Each structure stands twice: as structure tokens, then as C-alpha cells.
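To start, the structure itself, in C-alpha cells.
Rule-based calculations on the coordinates, nothing more; no lab input. As the structure is a prediction and not an experimental result, all values here were calculated from the model. Cβ sites come from the backbone with ideal geometry, for glycine too, and all protein chains shown count toward neighbours.
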Amino acid sequence: MQKLALLSLLLSGILFVACHEKPEVVLSDYLPEEKAILDQYLNLPDEMDVYDPKFLYNMVVAGVERPRIDRRKAVLGRVLFYDQSLSKDGTISCASCHKQERGFGDDKAVSTGVFGRLGERNSLPLSSVVSFASQYGDENCQMGSRFFWDNRSESAEAQIMASMSNPKEMNMDMGEIVAAVESQPFYSVLFEKAYGDARVTPKRITESVANFINSIGSFQSKFDQAFSKNPFEYIEYDFPDFTAAENRGKTIYLQNCACCHSSRMTIGALPNACNGLDAEASTDPGVGGITGNTADMGTFKVPTLRNISLTAPYMHDGRFQTLEQVIEHYNSGVQNHPNLNPMLKTADGTPKRMNLSETAQQDLIAFLYTLTDESIRTDKRFSNPFK
């Protein structure tokens, strides 16, 4: 009995030490020599970030598909996304036109590329979607929307290649990009982790950036939080967490805007449309310039409006600087373009006018601000990793 009591006391002491004097263990996905190389150039955590989103209940019910993200490739893609050396003059990266603090959009009407060259259209904000896997066509969702304002690219990888090679953006062919990547020592570590060896190929570059871009999504706004608490998914009901103005604005949105931009802010209702910015076809044919169809002339992608408060200026050409100007367009300025969307026409074929009062316009803006996801602006997983 004495031996048993002594053994019990000894075990208790071992457990006490194990529980109270346990040394801190720092996990790392990198060998010490690998981390030493990375730390010279990059601010990356020892343990790779996880990029799989955790959607709220209302999104799961709505059928929003969770993207399948390889975190190793996403980490590599994040570095490539911010790397200015992948442009002809070494000053432009993907992030130059897709700024995190702007909801991964740009604060310019049209972005500036290499050698100060101006682009042709406003940069679409990457955080305007809840999930690229559900919104856009890629390896996860072949039935999704397409990329660019004119819907010309069918996947994130095709979009990436188009932007990198565009003379007004990064102006690099894939051979030059591969050479630029191979010249930097930290990439050998990242490619080894992502692919099992350090070989750099165009496919691996675009696939990795696509993994990073496909991980960008917005689903933590006030709208999302309030909607997820609605047990019956009745979006037309007032949300208890909304102010009176926000609920009034939500009603105005559902009555006037949701038919094109989505009621639940998940998947857009229309792939492209003409919203009457001009009375005639302008110098930019939009989707029609790609399809050649007369009915597509002057039509452009219809984006969802997540983080709309962060992504001014607005429209494909960035002509509107404020949400007030956007609403005023629909309130009184829609032009009778030959391809004006039918939902923007009255029964006699003339352009609709919302004719909202000043108070109603402010209510609508109050609702649009509930679509802002502040976390997307500060999430370190999506930030610039370069020192």
C-alpha cells in the first residue's frame, strides 16, 4: 500500500509538472534554413495560414460553395500577387490595381500600369463576391460568371495571364515572368512547399495566384451577420440588428436593385447588362466587343455589391465618384440606349426613374454601407508579405 501511495504521488507530480511547466512549442511548416531564407525578404508566419472560409448559415442555405484552397499554393500565390518584379518596369504588381484597403479595388477611375500607362477600365474589386468558387467559373464551378467587365476570361488563371501580359498593366510574357521568379531565392522554398520541387512553370504560377485570389471573399459584413440570424431566410423582413434607415434602405434595394445585383449578395442575377449610362454605343462596346452580338453592345458585367462603400469610383469607366452620384443616375439619369436592360424600362419602353426622395436616397446608402466587411481590409493573410 505504501508503494502504491508513493507511485500515485509520483505520477501526480509528473502530471502537475507536465501541465504547469510545459515548454512552449512553436510549430513551423519550414525547416530552419528555409525560414532563414524567407525571413530576409518576407514577413510570413512560421505556420502557414489557412485560407478555407467558414461561411455563415445563410450562405450555406443559399448554396454558396466553399472554395477548395491549397494553403501552400495560396501562400505562394500571395507572394506572387504582391511581387512588383513580375512587371516590365518593376513597379506594378497585381496588388497595385487591387488594393486591400480598397476592398481589393482601385481608387482611380482607371488604373496605372507600367511606365505610367493608363488602363481602359476600372479595376473590378476582388472582394465584391462572397466566394470566387460560387461566383466565377473556375476549376471549382464551371457554371459561374466570367472575368473582366466584358466577361472575356473563363477562369481566374486566364484572367491572371491576361493581366500579366497586357501592355497597359504588367506587360510581361510568361517566359519573362518565369525568369523573374527564378531569379529570386525565396521562391525556391515556396515552390518546394507548394509542389514538392522548386521547378517554376507558367502553370504553377497562375495556379498559385488563382488559389490566393479564389480564397478572397467577403462574408462578415453587418448584412451577413444580421441575415444569418434570420431563422426563416425571409430577406424582406426587417432585420432586428439594422437601424430603421438601414431596413428602409434594404426595402428600396430589394424593390429596385436586387433584380440585377442579387438580393442575398451571393450570386449575381445577370451576367451582363446595359444600365443606360449613355444614349448610344460609346467607344467601348463591352461584352459586345467580345461576342460580336449586336444585343451585347454597350453591356458590361453586373457585379454584386459587397464592399461597395470601399470601391469608388464606380462603373466600368469609373465615371461616378460617390454612391450619391450612382443613385442619382438611377434616380433620374438613365439613358435610352438601344440595349437598355428591360428591367430599367417602363411599360411604354422609356427609361425608368426611381424618383427617390433625398431621405430615401440616404436610406439606400445606409443599407449599402451594411455590405462593408471591415475584416477584409485588415486580414493579414491577404496583406503585402514583402519587407
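Cβ neighbours within 10 Å, averaged per peptide: list 177-189, 351-363 in order, most packed at the top.
177-189, 351-363
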Checklist entry - So for the pair ASP46, ASP107, with labels modelled 7 Å out along Cα→Cβ, what separation do we get in nm? => result 3.7 nm
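Rounded to two decimals, what is the ratio between the C-alpha radius of gyration of the stretch 229-316 and 2.2 N^0.38 Å? Walk me through the numbers on the way to the answer.
Details: Rg = 16.2 Å, N = 88, 2.2 N^0.38 = 12.1 Å.
In units of the 2.2 N^0.38 Å rule of thumb, it is 1.34.
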Checklist entry - Any idea how far the Cα center of the stretch 323-379 sits from the one of the stretch 77-92, in Å? => result 36 Å
Checklist outcome for this item: Which residues qualify? For ASP29, with a placed amide H closer than 5 Å and at least 5 residues away or on another chain, they are GLU47, MET48
Next on the checklist: If I model a spin label as a point 7 Å beyond the Cα along the Cα-Cβ vector, how far apart are those points for GLU280 and ASN230 in nm?
Outcome noted: 4.4 nm
Next on the checklist: So I have [x] 22.0, 75; [y] 22.3, 70; [z] 24.9, 100, and one of them is Rg and Dmax of the Cα atoms in Å calculated from this model. Which one is it?
Outcome noted: [z]
Next on the checklist: 5 Å is the cut-off here: which amide hydrogens, built 1.01 Å from N in the peptide plane, fall below it relative to ASP83, excluding neighbours closer than 5 in sequence?
Outcome noted: CYS94
Next on the checklist: For the stretch 296-312 and the stretch 241-276, what is the centre-to-centre distance using only Cα atoms, to the nearest Å?
Outcome noted: 12 Å
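With a 10 Å Cβ neighbour count serving as the proxy for reagent exposure, in which order, fewest first, do SER155, SER383 appear?
Numbers: SER155 22, SER383 15.
Going from sparsest to densest Cβ surroundings: SER383, SER155.
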Checklist outcome for this item: Diffing the stretch 351-360: the Karplus 3J(HN,Hα) column from phi (6.51, -1.76, 1.60, θ = phi - 60°), in whole Hz with x for Gly and Pro, holds x, 6, 10, 5, 6, 6, 5, 4, 5, 5
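Please sort by residue number the trypsin sites (Lys or Arg not before Pro) in the stretch 164-255 whose DSSP state is loop and whose Cβ has at most 15 other Cβ atoms within 10 Å.
Working: sites: LYS168, LYS193, ARG199, LYS203, ARG204, LYS222, LYS229, ARG248, LYS250; in loops: LYS168, ARG199, LYS229.
Passing both the DSSP loop test and the Cβ count: ARG199, LYS229.
With a cut-off of at most 12 other beta carbons within 10 Å, and DSSP calling the residue loop, which GluC sites (Glu not before Pro) in the stretch 202-283 qualify? Please list them.
Numbers: sites: GLU207, GLU233, GLU236, GLU246, GLU280; in loops: GLU233, GLU236, GLU280.
Loop-located and lightly packed - GLU236, GLU280.
So which of LYS35/LYS387; LYS222/LYS380; LYS54/LYS229; LYS168/LYS301; LYS168/LYS380 end up more than 18 Å apart by C-alpha? All intermediate terms of the calculation are to be shown ahead of the outcome.
On the way: LYS35/LYS387 14 Å; LYS222/LYS380 21 Å; LYS54/LYS229 16 Å; LYS168/LYS301 21 Å; LYS168/LYS380 29 Å.
Too far apart for the 18 Å limit: LYS222/LYS380; LYS168/LYS301; LYS168/LYS380.
So what is the calculated 222 nm ellipticity per residue for the chain, using -39500 (n - 2.57) for each DSSP H run with n of 4 or more, over all residues, to the nearest 500 deg cm²/dmol?
It comes out at -10500 deg cm²/dmol, rounded to the nearest 500.
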Item to check | Phi to ³J(HN,Hα) by Karplus 6.51 cos²θ - 1.76 cosθ + 1.60 over the stretch 251-261, Hz, x for Gly, Pro | outcome: 4, 4, 4, 5, 7, 10, 10, 5, 4, 10, 9
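With N denoting the number of residues in the stretch 222-369, provide Rg(C-alpha) divided by 2.2 N^0.38 Å, to two decimal places. Mind showing how you got there, number by number?
Working: Rg = 16.0 Å, N = 148, 2.2 N^0.38 = 14.7 Å.
My calculation over the Cα atoms of the stretch 222-369 gives 1.09.
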Checklist entry - For the residues HIS316, HIS329, what sequence is obtained by ranking on other C-beta atoms within 10 Å, fewest first? => result HIS329, HIS316
